[in-house]
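Following: one structure in C-alpha cells, then a few remarks.
Coordinate-derived values only; no laboratory data. Note that the structure is predicted; figures quoted are calculated from it, not measured. A quick note on method: Cβ atoms are made from the backbone with ideal geometry, for glycine too, and the neighbour counts reach across all protein chains shown.
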Amino acid sequence: MSLQEQFDKAAADVKNLKSLPSDNDLLELYALFKQATVGDADPANKPGMLDLKGKAKYAAWEKKKGTSKEDAQKAYIAKAESLIASIGLQ
C-alpha cells in the first residue's frame, strides 16, 4: 500500500472512532491533515480576532510550517493509529 493510500485510509478510519478524541488530538490531526493536503498555512487566510476556534486550528497548522507532505502524512498515519489503538473503531 502506497503512502497516499495509507494516509487516505487513516483519514477515513479517524472518522469512525468510538469516541471523540481530546481537543489537542483533534488539533494535531487537523494540522497534519492540512499540511499534508494543502502545504504551509497562508497568512492571508488567518482567521479574524473573534474566531477562536479558527484561530486555534490555524495556530496548530502554522506550527507544522516547513514539514514536507510525506512527513506530514507519516505523522498523521502514526497519530491516527495511536488514537485507534487507544479509543478503538466503531
How far is helix 3-14 tilted, in degrees, relative to the longest principal axis of the Cα atoms in the chain, given as a value from 0 to 90 rounded to the nearest 10? 90
Nearest 10 degrees, 0 to 90: what angle lies between the long axis of helix 69-87 and the longest principal axis of the chain (Cα atoms)? 60
Estimate the FRET efficiency between Glu62 and Asp8 by the formula 1/(1 + (r/R0)^6), using the beta-carbon distance for r and 35 Å for R0, to the nearest 0.05. 0.90
Per the Cauchy relation, a quarter of the hull surface: what is the mean projected area of the convex hull of the alpha carbons in the chain, in nm²? 5.9
By how many nm would the segment from Ile84 to Asn45 lengthen if fully extended, with 0.36 nm per residue of separation less the alpha-carbon distance? 10.9 nm
Angle, helix 23-37 long axis vs. longest principal axis of the chain, Cα atoms, 0 to 90°, nearest 10? 80
Going by average Cβ density within 10 Å per residue, which order do the peptides 14-23, 69-78 take, highest to lowest? 69-78, 14-23
